[in-house]
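What follows is a set of notes on a single structure, which appears directly below.
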Amino acid sequence: QVQLVESGGGLVQAGGSLTLSCAASGSIFSVYAMGWYRQAPGKQRELVATITSGGTTNYADSVKGRFTISRDNAKNTVLLHMNSLKPEDTAVYYCNADVKVRTVYRTNNYWGQGTQVTVSS
């Protein structure tokens, strides 16, 4: 019914920048909160940043001042601009969204497939 497709991951040196993109598609009536989570090897998945449909943002303390989340409501996309990357930012980054599905008009939570970000020291 709804798919979240991420792109933009890759390998970057410490201090560098990357931008992740996530597009929601399918039988969408409305997209509410969107966000990014990450999971490093051997660790639990953790919140990176979220943004409401009204633009209110929330960040993990570890990324405040370095990462910026933004969204385009018309395109149902969310971006994560990552600056001053550190080796500890290395993880699989997952897109997440609360989406009201058109056919049943019920809000479900969806995850993308994940995109790898590797920061070398």
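The values are calculated or read from the model by the stated rules, or taken from the named source; none is laboratory data. Here the structure is a predicted model, which is why all the values come from computation and not from measurement. Note: ideal-geometry Cβ built from the backbone for every residue, glycine included; neighbour counts use all protein chains shown. For the accessible areas, the whole protein counts, side chains as well, though only heavy atoms, and no ligand, DNA or RNA atoms are used. Shrake-Rupley method; radii C 1.70, N 1.55, O 1.52, S 1.80 Å.
Got at least one residue in region 76-96 being over 20 Å from T118 (Cβ atoms) and out of contact with any Phe, Trp or Tyr (no Cβ under 9 Å at 6 or more places or on another chain)? Yes, the conditions are met somewhere in region 76-96.
When T103, T118, T90 are screened for being closer than 17 Å to R45 by Cα and surrounded by fewer than 17 Cβ atoms within 10 Å (Cβ to Cβ), only T118 passes.
Check whether at least one residue in region 23-46 is within 11 Å of the chain's Cα centre (by Cα) and open to solvent by 60 Å² or more (accessible area, probe 1.4 Å), and report yes or no. No, there is no match, as no residue in region 23-46 is within 11 Å of the chain's Cα centre (by Cα) and open to solvent by 60 Å² or more (accessible area, probe 1.4 Å).
Residues in region 65-121 that are aromatic (F, W, Y) and over 12 Å from the mean Cα position of the chain (by Cα): Y105 only.
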